[in-house]
Structure formats: C-alpha cells, structure tokens
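Take a look at the structure below.
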Amino acid sequence: MRNENSVYRRRRLINRSIMTLCVSAAVFGIVWLLLILFTLVWQGTTALSLEVFTERTRMSGGGLGNAIIGSLIMTVGGTVVGTIVGIAAGTWLAEYGGRSRLATVIRFINDVLLSAPSIIIGLFIYAVVVLPMGRFSGWAGIAALAVIIIPVVIRSTEDMLKLVPNTLREAASALGAHRWWVVVRVCYSGARAGIITGVLLGCARISGETAPLIFTSLNSNQWNFFNLGSEMPNLPMTLYQNMTINSFIPRQVELAWAGALILTAAILILNIIARIVSRESNKR
Amino acid sequence: MSSEQSRSDQPHHLGANRRELRLLARNGMIDRWFERGTCSFAVLVLALLGAIMLSLLISAWPALATYGADFFTQTRWSANQEVFGAWPAIYGTLVTSLIAVAIAVPVSFGIAIFLTEKCPAALRRPLGVTIELLAGIPSIIYGMWGIMVLGPFLQWLAPELFPAGTGLATAGIILAVMIIPFITAITRDVMSTVPSVTRESAYGLGCTTWEVVRSVIFPSVRGGLVGGVILGLGRALGETMAVAFVIGNNLFLHPTLTGQGTSIAALIASQFPEADGIQRSALLALGLVLFLITFVVLAIARYMLMRIERRAP
C-alpha cells in the first residue's frame, strides 16, 4: 500500500525533477557533440576528393597530400621515441621503484606532465631545439610530440605491469630466472596488450596536436618526405592556417574541413583499434 | 688440458661449472644495467620538468628584467609600442575557463549520474564508449566548429551581446563542450568506485536515487569529483586551438564576459610566428605564467585524485 503523505510526495518530486534534469543534461551534452560530428562529416565529405590526397597544398586549389605525409612521419617518429622512453621509465616505476620517495615524486610529476598544456611543451622545445638550431624543423616537431606522448606511455605501462600478478614473477624467479628475464619475458608478455593500447591512445592524442607544432615544425607547402632538418608540412597546422590567415579563400576553408574529417577519422580509428586490442586481451 | 679441466671441475658453492658461472655473472650484469637504464629514463621525467621550467625562465628573463612588475600590472598588450601587460590575457584565460567549468560541471555530473544510476544496462556501454571517443577529438576541430557554427549562431541569437559572434563567452562555451566528455569520463569512473553494497544498502533503506547520489555516493568520493573538475579546469586553462579561433584577439583589458578578449595560449599562438626580440621573450614569459598557473591547479587535482585512488581496492 502506497504511503501518500506529504514528505514522501516531496521526496519523490525532488527525485523525479532531478533525474529529469540529469537525463536532459545527458541529451544536451550528447546533442552538442553530435552537432559537431554532423558539421564535420557534412562539411568534410562535400570537400573530399582524390586530389585532396594526391596534390600538395597551394595558395589556390591543391590538396593536402604533403600535410598528411608530414603528419604521419612526425606522429610515427614521436610515437617511436616516446614509446622507448615511456616503456623504460614505466618499467622502472612498476618493477623497481615501488614505494620509494623517488618513485612517488616521479609518479606525481608524470601525472602533472600528463595534463600539462601542449603549448608549453611547444615553447620548451622551441627554446631548447629550435633556437640553437636556428630554424624550424621536423626534428623539433618529433621532439615536441615525443615529450607529449611520454607521460601517457609511462602511465599505461606502469598500470599494466602492476596488473601482472606477483605470483607469476615469483614462479619465474623460483625457476632461476634473472630479474631482467622475468621483466622482459614474463611481465611484458602479460602486459603487452595493455601497453599497446596505451601507445595507440597516446598516438591518437599527438596526431591531433596543433599548438606545439606552431613553434617547432611550423608548416610548409612543399613535399617533404624525410628531410627532417627543414620545416615539415603537417595537417593540424594546415587546418589552422586555412581557417585563419587563408580563410578568405573558400577553397582553403573547404580543404580545412576535408582535413579535419581525415584527422578525426584517423584518431577515432586509432581509438577503436586500441579498444579492440584491450578487449581481446581481457577475453583471454 | 688436464690442469684446465681440474680447475673447472673444482666445485663452486652452488655446484656450478665454469660456463654456468660465466652466465651467472653476465646475467647479473645485465640485471644491474637493466635497472640502472630504466631508472635513468624515469629520472629523465624529473629532468624534463626541471628543463621546462628552466628554459622558459631563461628565455623569458629579458622581458621580465625589462618590465618587472609592469608586466603584471599593465592593462594592454601592444607589441608595436613595446608595452606588454599580461593582465588582458590572464583575465581572459581565467574568465573563459570559469565559464567553461560552470557550464560543463552540472552537465557532466548529470550525464555521469544518468550513466551510473539510471541508464538501461544495454545503453550503458555504448554511451560510455561514445563519450570516451568524443574526449579524443582534437581541440582544433572544436575551434573550427566554433568559428563556423557557434559564432554565427550566437550572433544571430543575441546581436547586442555578441556583435561579432566571437568573444570570451563564445570561447567559454566551446571549452565547455570540449571538457564535458573529459569530466564525465572521470566522474563516472570515480562514482563507480563506490562499492555496490553501500549503494544497495542505501536503496534498501528506502532512499530515492537522488538521495543515494547526494548523501551516499557524493560524500564518499568528494575528493575524486573535485579532482576531476580541477583536471577539466586545467585543460581549459591551457587550451589553445579551441580558443584561438573564437576569442576575438582584443589585447586591451576590458572587464566583460561576452565581449572580445584574449587568453594566454591564444595570444602566444597568434603572435609568436611574427614575434622577435623582446616581444618573443615577453610571450615566453606569458608561457611561464601559464605553466605556473596550470602546475598549481594540476597538482591540487592530482593530490585529490591520489587520495581516492589510495582508498580504492
């Protein structure tokens, strides 16, 4: 039998209205985000064509081919450097650092660097790489992207290594394996999927970074495959320039949207692959 | 031959022969170098932070030495007159970030409550994944959308408030849309650390969903919620691309919420390519200010999240 006194009614009313607010907040948030995706797909697909991939960037017409190649080279370079440093540092934090003071401090600093503004990283690389070299270069771009991805890889490597059960380590040690052998053969193979997921997520993150590239690789409208000593064309900077200083040319704005669609699609695909990798390993 | 054999036949205290002893020594050396090597990479992270601070300080020094306290009190930034006041940029950074957090927090909490308490189980995973994927969209896309769609829309909606469609409020709204998925993901994760036994006993006492959330879940994860919000604030403070397009680049201090202004990151991004000498140094000094602000904010957030993590099983 329902108790219909006033306290109960008031509580139910409050609950209903707040839950309605929550649902409308969910709808509100998701509508905004879908609106952005809709604009992106709409504007992007109308501008997409084969020339976008094969032509280089020009003041009039042209495509985005060189920017896509440049972005690929710098993202892969940054990911490779960042993965090596990140996995090594993450290994130390998980396997050797323990609860020592040094490890605690490094963990804290790493967490802060993880969400440090990317524009600051760009200024830092500008001061230590671009100024001494005297020119903007692909190397500086790779360095900036590597600094951004390192904390991501460290964090995921450490978290994943900590999920490897200690009994496995002890079993391997009891069989006479050395510590490094235990880490390389037992821990890494147990945490492989998780570490790969972390690297892929980090790669997705740096491929969309624009702010650090303004001060490091700048941009260029030439094809530049492996001449990393000079300015490197890249997709995010091309989008930025096409939407600001070149925004009076309609074709450039169209190209920017096509580039935005390509960039977002690449990032979403990387994210989805990362998710599949981690889910497959969970199933096992 | 015979003497060598007799030496290798001498029993080691582990009963190992020479080949095994050599392997033992080599592996022991690899062990030591493996630990040292990985340790040096970990220390590199510390060095990185130090290097960032130091390099910014050194390259910002000419401007800081020339202008001193004026740098923080001047109310305009005019490069051609060599007057560099950081106030318009600091004001714009704080105002846009606070607008963003004010909009994003209620919405993200609402979505997180919906996801953890009310959402049908079949929808929970797809919605959660969608939110996480949206958190990965690069910020330049948000900026482009702001200048193409949101700016003109606000201009049409309230021409008195947004004469050009760009300004601090426009930038704040874009930032809010950008950090909503981010704060939602953290809030949801933090809320799901509350043991379901606690939750169910509250429901068993006859609490409504809202009462469970307000009196049981929120109090037990307060630090995590605050940490998540501050992390979102840290992202908004340092964001460049989502803001640079729509903030309007007004370099004079103008106490307004909807008018045009600038932020530290947007000012650096727009002026740096053409800057030289003292102007470049002043921009690097701005970068240092931004780094210090975000460092403090992020340190607070991490400290609060760390306390929650320590408590979680």
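The values are calculated or read from the model by the stated rules, or taken from the named source; none is laboratory data. This structure is a prediction, so every number in the text was calculated from the model and none was measured. In this analysis, Cβ positions are derived from the backbone assuming ideal geometry, glycine residues included, and neighbour counts consider all displayed protein chains. These area figures cover heavy atoms from the full protein model, side chains too; ligands, DNA and RNA do not enter into them. Shrake-Rupley method; radii C 1.70, N 1.55, O 1.52, S 1.80 Å.
Pairs meeting the criteria (first residue in the stretch A:28-55 and within 8 Å of another protein chain (Cβ to nearest Cβ) and open to solvent by less than 40 Å² (accessible area, probe 1.4 Å), second residue at pLDDT below 90 and in a helix (DSSP H, G or I), beta carbons under 6 Å, at least 6 apart or on different chains) are A:Leu33/B:Leu134. Filtering A:Gly61, A:Gly65, A:Gly70, A:Gly77 for residues that are touching a residue at least 40 places away in the same chain (Cβ under 8 Å), in contact with an Asp or Glu (Cβ under 8 Å, 6 or more places away or on another chain) and closer than 29 Å to A:Ala146 by Cα leaves a single hit, A:Gly65. Scanning the stretch A:234-253 for residues that are polar (S, T, N, Q), assigned to a helix (DSSP H, G or I) and within 12 Å of another protein chain (Cβ to nearest Cβ), which turns out farthest from B:Met148 (Cα to Cα)? This residue is A:Thr238. Among the residues of the stretch B:55-67, those identified as at the interface with another protein chain (Cβ under 9 Å from one of its Cβ atoms) and either free of Cβ contacts under 8 Å to residues at least 24 places away in the same chain or farther than 9 Å from B:Leu284 by Cβ (or both) are B:Ser55, B:Ile58.
Residue-by-condition table, conditions (1) open to solvent by 70 Å² or more (accessible area, probe 1.4 Å); (2) within 26 Å of the chain's Cα centre (by Cα); (3) modelled with pLDDT of 85 or more; (4) not basic (Lys, Arg):
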residue	(1), (2), (3), (4)
B:Ser6	no, no, no, yes
B:Gly28	no, no, yes, yes
B:Val45	no, yes, yes, yes
B:Gln74	no, no, no, yes
B:Pro88	no, yes, yes, yes
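Considering the stretch A:83-96, and only residues there that are within 7 Å of chain B (Cβ to nearest Cβ) and open to solvent by less than 20 Å² (accessible area, probe 1.4 Å), the residue that is nearest to A:Ile154 (Cα to Cα) turns out to be A:Ala89.
Restricting the first member to the stretch B:89-106 and to residues that are free of Cβ contacts under 8 Å to residues at least 60 places away in the same chain, and the second to residues that are in a helix (DSSP H, G or I), the beta-carbon pairs closer than 7 Å and six or more apart or on different chains are B:Pro106/A:Ala25.
Please go through the stretch B:237-266 and give me each residue that is more than 19 Å from the chain's Cα centre (by Cα), of a type in the set (A, V, I, L, M, F, W, C) and open to solvent by less than 10 Å² (accessible area, probe 1.4 Å), ordered by number. Hits for the stretch B:237-266 are B:Val246, B:Ile247.
For the stretch B:138-151, what are the residues that are free of Cβ contacts under 8 Å to residues at least 12 places away in the same chain and open to solvent by 10 Å² or more (accessible area, probe 1.4 Å)?
Initial filter on the stretch B:138-151 (free of Cβ contacts under 8 Å to residues at least 12 places away in the same chain): B:141, B:148-149.
Correct list: B:Met148, B:Val149.
When B:Ile111, B:Ile147 are checked against the criterion of being out of contact with any Phe, Trp or Tyr (no Cβ under 7 Å at 6 or more places or on another chain) and not hydroxyl-bearing (Ser, Thr, Tyr), B:Ile111 stands alone in meeting it. Just for the stretch B:226-267: of the residues that are more than 10 Å from chain A (Cβ to nearest Cβ) and among the hydroxyl-bearing types (Ser, Thr, Tyr), which one is nearest to A:Ile120 (Cα to Cα)? Top of the filtered list is B:Ser263.
Residue selection: B:Thr294 satisfies the criterion of being touching a Pro at 6+ places or on another chain (Cβ under 7 Å), open to solvent by less than 10 Å² (accessible area, probe 1.4 Å), of a type outside the set (A, V, I, L, M, F, W, C) and closer than 23 Å to B:Ser108 by Cβ. Just one of (1) within 20 Å of A:Val130 (Cα to Cα); (2) at the interface with chain B (Cβ under 8 Å from one of its Cβ atoms) fails for A:Ala256. It is (1).
The single residue among A:Glu231, A:Glu280 that is in a loop (DSSP other than H, G, I, E, B) and open to solvent by 20 Å² or more (accessible area, probe 1.4 Å) turns out to be A:Glu231. Going through the stretch B:76-86 one residue at a time, which ones are outside any loop (DSSP other than H, G, I, E, B) and either within 29 Å of B:Ile174 (Cα to Cα) or at pLDDT 90 or above (or both)? Passing the criteria: B:Arg76, B:Trp77, B:Ser78, B:Ala79, B:Phe84.
Restricted to the stretch B:187-207, and to residues that are open to solvent by 30 Å² or more (accessible area, probe 1.4 Å) and assigned to a loop (DSSP other than H, G, I, E, B), which residue is farthest from A:Tyr8 (Cα to Cα)?
First, the residues of the stretch B:187-207 that are open to solvent by 30 Å² or more (accessible area, probe 1.4 Å): B:188-189, B:192-193, B:195-201, B:203-207.
Remaining after also requiring assigned to a loop (DSSP other than H, G, I, E, B): B:192-193, B:195, B:205-207.
Numbers: B:Ser192: 28, B:Thr193: 30, B:Pro195: 27, B:Leu205: 14, B:Gly206: 10, B:Cys207: 10 Å.
Only one residue fits best here, namely B:Thr193.
Of the residues B:Thr208, B:Thr187, B:Thr198, which is touching a residue at least 12 places away in the same chain (Cβ under 8 Å) and over 25 Å from the mean Cα position of the chain (by Cα)? Going through B:Thr208, B:Thr187, B:Thr198 in turn, the sole match is B:Thr198.
Is there a residue in the stretch A:104-113 that is open to solvent by 20 Å² or more (accessible area, probe 1.4 Å) and more than 8 Å from every other protein chain (Cβ to nearest Cβ)? The answer is yes; a qualifying residue exists. Checked against (1) closer than 20 Å to A:Pro117 by Cα; (2) more than 12 Å from chain B (Cβ to nearest Cβ), A:Phe225 passes all but condition (1). Considering the conditions (1) part of a loop (DSSP other than H, G, I, E, B); (2) within 12 Å of chain A (Cβ to nearest Cβ), B:Trp210 is excluded by exactly one of them, (1).
Mind telling me which of the residues B:Leu94, B:Leu168, B:Leu154 ends up being surrounded by 23 or more Cβ atoms within 10 Å (Cβ to Cβ) and away from every other protein chain (no Cβ under 12 Å)?
On the way: B:Leu94 fails: surrounded by 23 or more Cβ atoms within 10 Å (Cβ to Cβ); B:Leu154 fails: surrounded by 23 or more Cβ atoms within 10 Å (Cβ to Cβ).
Going through B:Leu94, B:Leu168, B:Leu154 in turn, the sole match is B:Leu168.
What is the residue count in the stretch B:47-72 for residues that are assigned to a helix (DSSP H, G or I) and open to solvent by less than 70 Å² (accessible area, probe 1.4 Å)? Reasoning before the result, please.
Restricting attention to the stretch B:47-72, the residues satisfying the condition of being assigned to a helix (DSSP H, G or I) are B:47-67, B:70-72.
Narrowing the set further to residues that are open to solvent by less than 70 Å² (accessible area, probe 1.4 Å) leaves B:47-53, B:55-56, B:59-60, B:62-65, B:67, B:71.
Count: 17.
Only one of the numbered conditions (1) open to solvent by 10 Å² or more (accessible area, probe 1.4 Å); (2) under 27 Å from the mean Cα position of the chain (by Cα) is not met by B:Ile179, and that is (1). Restricting the search to helices (runs of 4 or more DSSP H) fully inside the stretch A:114-222 and requiring at least 2 residues that are within 15 Å of the chain's Cα centre (by Cα) and more than 10 Å from chain B (Cβ to nearest Cβ) gives A:138-163, A:188-207. Among all residues of the stretch A:62-85, there is at least one that is more than 24 Å from A:Ala204 (Cα to Cα) and either modelled with pLDDT under 90 or in a helix (DSSP H, G or I) (or both). When restricted to residues that are more than 8 Å from every other protein chain (Cβ to nearest Cβ) and open to solvent by 10 Å² or more (accessible area, probe 1.4 Å), the stretch B:101-116 contains 5.
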